[in-house]
Amino acid sequence: MPSAPDLLVMYQKKIAPDFECGIVLTKEVLNGKWKSSLLYQIAMGVQRPSALQRNIPDATRRVLNVQLNELERHGLISKTIYPQLPPKVEYSLTDFGRTLLPVIEAMTHWGNEHRERLEQILLPSH
């Protein structure tokens, strides 16, 4: 299995993004199926990886770890590792991460406001 740096090289984008527009920057930071959900969960308080996995059960542990690492690299969350056995890890929002909360809250509000219509469009017909 490739190491984490090898995975980053494997998944580098072929076309450099154009960061002239603020929405492109925001989408780049939130790009990932679970990132906004992770930020939402961590905004409720310090979270351990097991709690995040429980609260986002459809995401695999590996995908959550990759996206948590990206959020940390972007400066949106901080990771604290306590020197004990077994190691204890906790994630919290940074001040910079808190600046994204209005965006996450607006996305949540919009989704809830249009839930019925969106579910008809997005869910496969039975």
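Can you give the angle from 0 to 90° between the axis of helix 61-73 and the longest principal axis of the chain, with both taken from C-alpha atoms, to the nearest 10? Between helix and principal axis, roughly 80 degrees. The angle between the Cα long axis of helix 101-113 and the longest principal axis of the Cα atoms of the chain comes to about 40 degrees, rounded to the nearest 10. If I take R0 = 22 Å and measure r between the Cβ atoms of residue 120 and residue 27 in this structure, what FRET efficiency does the formula 1/(1 + (r/R0)^6) give, to the nearest 0.05? The computed FRET efficiency comes out at 0.30.
What the Cα convex hull of the chain gives, in volume per residue, is 171 Å³. When you filter the chymotrypsin sites (Phe, Trp or Tyr not before Pro) in the range 11-101 for DSSP loop state and at most 14 other Cβ atoms inside 10 Å of their Cβ, you are left with 11, 19.
222 nm [θ] for the chain, helices only, -39500 (n - 2.57) per DSSP H run of 4+, per residue, to 500? Walk me through the numbers on the way to the answer.
Details: 8 runs with 70 residues, N = 126.
The helix contribution divided over the chain gives -15500 deg cm²/dmol.
Bear in mind that the values in this text are calculations on the coordinates, not laboratory data. Not measured: the values here are computed from a predicted model. Cβ: placed from backbone, ideal geometry, glycine included. Neighbour counts: every protein chain shown.
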